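Read the structure below first, then the notes.
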Amino acid sequence: MCGIVGYLGTGQAYPILIKGLKRLEYRGYDSAGVALVNQGSVDIHKCKGKVSDLEDHLNGVIPEGTLGIGHTRWATHGPPNDINAHPHASGNGDLAMIHNGIIENYATIKETLENRGHVFVSDTDTEVLIHLIEDIQSKTSVDLFEAVRLALAEVVGAYAIVVIDKKNPDRMIAAKKSSPLVIGVGSDGDYYIGSDATPIVEYTKNVVYMEDEEVALIDRNTGLKIVTIQNKEKVPYIQELEIQLETLEKGGYDYFMHKEIYEQPRSIIDCFRGRMNVQQGTIRMSGIDDHAEKWINARRVIIVACGTSWHAGLVAEYLFEDIARLPVEVEYASEFRYRNPIIYEDDIVVAISQSGETADTLAAIEMAKEHGAHIFGVCNVVGSTISRTTHSGAYTHAGPEIGVASTKAFTAQVTVLTLMALSVAQKRGTISDARLHRLIAELNSIPDKVEEVLKTNDQVEYISDIYKNAGNALYLGRGSSFPVALEGALKLKEISYIHAEGYPAAEMKHGPIALIDEEMPVFVIATQGQSYEKVVSNIQEVKARKGKIIAIVTEGDKTVKAMADHSIEIPKTDESLVPLVSVIPFQLLSFHIAVMRGCNVDQPRNLAKSVTVE
Ligand code: F6R
């Protein structure tokens, strides 16, 4: 949460900062601001709202300077307003700073500084940190690089920061702990900073992913220097970026979410490409193959994740238990880490995260590591913190997901988890060759089936129009369709602001049935499979109470179609792979309803894509 950018180079900073902030806006959009060093002053421009509001606020004025920083905020300390917007200045106005993270001991530091005469104008923890840096500089007369290092040694919490000084237009200082920070190294002596690589990829492919507790000095004359908080010099490790610029654009769609829903046939192929051999019926995943013994002898699998990634984890529970016969527990990372859980050395902890930065998931990983468990990461963002913290892992290769609501990341996660379950099952000897071949062939056909489901778009749009003003909605499913019901409900509430609940279909009669009346749309996954008949009975229960049924059915279905108010047909597939196709109509439905209700589809209120606070 919060996106930060920085630039020091030969060109004008402002256009680079604004473009970078637009790329990072998915991380928070409560306020935006920039600060540029120009002719001995540091000009700060900031306001509540989005990056476009900042541009309006500047009213055609283009701030000048070849050194600058920018910030887009997801509010933690203090409401979203102009004053709490970043960058924040030191008391003497010399320094400006942007920050992503939370300084946990800011209140104590603030009190000490106030006693020393510092006056604060905002409610933020960030302003406290920049005053602390200023205070250290004035007390000790060390240079800014050293003052930042000394200040951070006093700080408890998470930070990615960039600091500039109006007296020194040739330097910027960056540091990170727990929040991500990437430095781009241009060929012409230009340096770029971003919370991720998206603001950088246009200018250079050479990047340094900063490690925790590192402080970087970027100097026009001497280049890049990195030290640890303990003042140990590190050699910057430059890596080449893999992302392509086109993947960061809308490519003809009006919304990133719409584009990302339609990308799924391709992203699922990208996910299994090179890992699955359909002819031979084999799976190759180095993250599993290199640790085969651990998987064969594992006591159980514990999946930790949040939100949509947690739903993918619930689908994986069915896959791993059914196919690989391994006991699985699926945990909200935020609950798991505070529960004093029992973790054994022969447990495998699978952390699922699109961004690879989610603070709770990261903390859960650290705790599981301390207990000696093997940690496997399923991440989308290459080079993200989680992907670098785990012992092994598999990328989902879905490409950048920019819409705040996860769509293609979910199907890519389920695809990777399916491959993992198959690979582990093969190693543990819990799957017959015939079933393995069949499932691999079926997985291979999923992109075409997703393509088919996308053709229901007009029908889903029609249904969306009917239910767009609903106050509540219920989503029901059984087996591995239950997590899809949860995911459908989450999609609807987060982008349309309609209250929705996902339930195992049979649980409905234990409470939620009381909510059903003629106003209530009930979305049911009623595809062919072992609990089809049971779901048919659940649908009858809803109909008896005049609820409206919108059913996802297998093509050719007659029974449910005759009962439902609307039904959407999806192609037949193996029961264990149904979530990959049945989730698509729900994604489309929430997208259309959100558009019809005039909601901001890509940037829903109060949310951010990368949740780097607990
Ligand atoms: C919902 C959504 C969130 C994320 C959650 C975890 O559409 O995107 O629920 O799934 O914040 O994020 P990651 O996967 O980045 O750890």
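Overview of values
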item: Criterion: outside any loop (DSSP other than H, G, I, E, B), out of contact with any Phe, Trp or Tyr (no Cβ under 7 Å at 6 or more places or on another chain), under 21 Å from residue 409 (Cβ atoms) and touching a residue at least 24 places away in the same chain (Cβ under 8 Å) - qualifying residue of 610, 582; result: 582
item: Segments classed as strands (runs of 3 or more DSSP E), wholly inside segment 41-119, with at least 1 members that are more than 16 Å from residue 19 (Cα to Cα); result: 41-48, 95-103
item: Positions within segment 404-456 being more than 16 Å from the ligand (Cβ to nearest atom), in a helix (DSSP H, G or I) and basic (Lys, Arg), in sequence order; result: 427, 428, 435, 438, 449
item: Selection count where residues are at pLDDT 95 or above and either outside the structural domain of residue 430 (by TED's automatic domain parsing) or within 16 Å of the ligand (Cβ to nearest atom) (or both), scope segment 268-299; result: 0
item: Selection status of residue 336, within 16 Å of the ligand (Cβ to nearest atom), farther than 30 Å from residue 247 by Cβ, of a type outside the set (S, T, N, Q) and open to solvent by less than 10 Å² (accessible area, probe 1.4 Å); result: yes
item: Test set (1) within 12 Å of the ligand (Cβ to nearest atom); (2) assigned to a helix (DSSP H, G or I) - residue 602 fails condition number; result: (2)
item: Filter result (open to solvent by less than 10 Å² (accessible area, probe 1.4 Å) and either near the ligand (Cβ under 8 Å from one of its atoms) or part of a loop (DSSP other than H, G, I, E, B) (or both)) within segment 300-312; result: 305
item: Tally, over segment 472-493, of residues that are of a type outside the set (Ser, Thr, Tyr) and in a helix (DSSP H, G or I); result: 12
item: Qualifying position, being free of Cβ contacts under 8 Å to residues at least 60 places away in the same chain and over 19 Å from residue 479 (Cβ atoms), among 551, 562; result: 562
item: Qualifying positions in segment 362-385 - under 21 Å from residue 327 (Cβ atoms) and either in contact with a Leu (Cβ under 6 Å, 6 or more places away or on another chain) or within 14 Å of the ligand (Cβ to nearest atom) (or both); result: 364, 365, 377, 378
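The values are calculated or read from the model by the stated rules, or taken from the named source; none is laboratory data. Keep in mind it's a predicted model, so treat the numbers as computed, not measured. Note: ideal-geometry Cβ built from the backbone for every residue, glycine included; neighbour counts use all protein chains shown. In case anyone asks, the SASA skips ligands and DNA or RNA and just uses the protein heavy atoms, side chains included. Shrake-Rupley method; radii C 1.70, N 1.55, O 1.52, S 1.80 Å.
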